[in-house]
Amino acid sequence: MRHVFHWKRLALVALAILCSRPFIALADGHPDWIKPLPPFRIAGNLYYVGSVDLAAYLVVTPKGNILINSNLSSSPRQIRASVEQLGFHFSDTRILLISHAHFDHCAGSAEIKRLTGAKYMVMDADIPTVESGGRKDFAYGKEPAMRYPATHVDRVLHDGDTVALGGTVLTAHKTAGHTRGNTTWTLDETDKGRTLHVVIVGSPYANSEYKLAGSHPSYPGIEQDFERQFETLRHLPCDIFLGAHGGYFDLSEKLARLRNGDANAFIDPEGYKRFVTDREAAFHKKLQRDRGL
């Protein structure tokens, strides 16, 4: 077990390095963002329809479906193929949600809205960025390569709001810091007679470009937003740990276990706790650096 944990730590460190680099370099040098992954059922009516590392989730209901994350501008074709491979109709997408307003999670939203007519629902503080196509992002707004098609938001979400469709209810938790409206989604899934608490983490990463303290923080209150995010994440009940990137929750390893017959592969409350603890420690380490301590 010690050897396995060692490799998990190395993977987490590598992900932290990637997430701290400018996204422009990431898009050029991270093929797992576009590498297809066969879709699969996670639990209940929740399915994975993303790529190897850019996560997208489909929630299937009798009244239509909910899609979480549209990913890159090139991703809608891949997401659609995954949805249809599962036997569902992409046109049944009624609601589109995102984890946060960075191009690797929402650049495909305009195309998905065009293809499906889905209602786009976004956390309040991320709406200026989404509707400006990234131009109002506090860290990357001046980078042309970070921009994406501006997309109209149909419903403004606030911390604690719920999104309901066909008997399924998702709760939007505002976990700001990585973006002003970074959102962690929770829902309950019934699977084999069990009620499982699902947490889909937005992002707890304080990127290297961010200034958390001092006279010129990246935005006023960013330090306090991150502190509130970790307070929220620590108290969310979690059985199934998911996130905006597959690397957050050891997707490849868990999927291999699932394919080998482990029906509980994605049940990982301890992994969730370790991830949150690790990310909070990394945040405080960066905060101390930014304070000059």
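Side notes on the structure shown:
- Residue match in region 49-57 (condition: surrounded by fewer than 20 Cβ atoms within 10 Å (Cβ to Cβ), among the small types (G, A, S) and out of contact with any Lys or Arg (no Cβ under 6 Å at 6 or more places or on another chain)): no
- Scanning region 122-170 for residues that are polar (S, T, N, Q), surrounded by 17 or more Cβ atoms within 10 Å (Cβ to Cβ) and either closer than 21 Å to Y57 by Cα or in contact with a Ser or Thr (Cβ under 6 Å, 6 or more places away or on another chain) (or both) returns T151, T168.
- Some residue of region 186-196 being assigned to a loop (DSSP other than H, G, I, E, B), closer than 19 Å to F226 by Cβ and either of a type in the set (D, E, K, R) or within 11 Å of the chain's Cα centre (by Cα) (or both): no
- Taken together, the criteria exclude S252 from residues that are out of contact with any Lys or Arg (no Cβ under 8 Å at 6 or more places or on another chain), among the small types (G, A, S) and surrounded by 23 or more Cβ atoms within 10 Å (Cβ to Cβ).
- Restricting L18, L54 to those that are out of contact with any Pro (no Cβ under 9 Å at 6 or more places or on another chain) and either modelled with pLDDT of 95 or more or over 20 Å from Y148 (Cβ atoms) (or both) reduces the list to L54.
- Residue count for region 171-192, restricted to those that are surrounded by 17 or more Cβ atoms within 10 Å (Cβ to Cβ) and at pLDDT below 95: 1.
Yes/no matrix, rows are residues, columns are (1) of a type outside the set (G, A, S); (2) touching an Asp or Glu at 6+ places or on another chain (Cβ under 7 Å); (3) surrounded by 16 or more Cβ atoms within 10 Å (Cβ to Cβ):
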{"position": "I200", "(1), (2), (3)": "yes, no, yes"}
{"position": "P204", "(1), (2), (3)": "yes, no, yes"}
{"position": "L212", "(1), (2), (3)": "yes, yes, yes"}
{"position": "S218", "(1), (2), (3)": "no, no, yes"}
{"position": "E231", "(1), (2), (3)": "yes, no, no"}
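- Residue match in region 267-276 (condition: crowded, with 19+ Cβ neighbours inside 10 Å, hydroxyl-bearing (S, T, Y) and touching a Phe, Trp or Tyr at 6+ places or on another chain (Cβ under 6 Å)): yes
- Of the strands (runs of 3 or more DSSP E) lying entirely inside region 90-183, those containing at least 2 residues that are in contact (Cβ under 8 Å) with a residue 12 or more places away in the chain, under 17 Å from the mean Cα position of the chain (by Cα) and closer than 27 Å to R228 by Cα are 93-97, 119-123, 168-174.
- Extreme residue, nearest to P39 (Cα to Cα), among residues of region 254-267 that are within 20 Å of the chain's Cα centre (by Cα) and in contact (Cβ under 8 Å) with a residue 12 or more places away in the chain: L255
- Residues satisfying the criterion are absent from region 205-219 (criterion: in contact with a strand residue (DSSP E or B) (Cβ under 6 Å, 6 or more places away or on another chain), at pLDDT 95 or above and within 19 Å of H284 (Cα to Cα)).
- Search result, residues across region 61-77 that are in contact (Cβ under 8 Å) with a residue 24 or more places away in the chain, surrounded by fewer than 21 Cβ atoms within 10 Å (Cβ to Cβ) and either part of a helix (DSSP H, G or I) or in contact with a Leu (Cβ under 8 Å, 6 or more places away or on another chain) (or both): T61, K63, G64, L72
The values are calculated or read from the model by the stated rules, or taken from the named source; none is laboratory data. Just so you know, these numbers come straight off a predicted model, no measurement behind them. Glycine also receives a Cβ, built like all others from the backbone with ideal geometry; neighbour counts cover every protein chain displayed.
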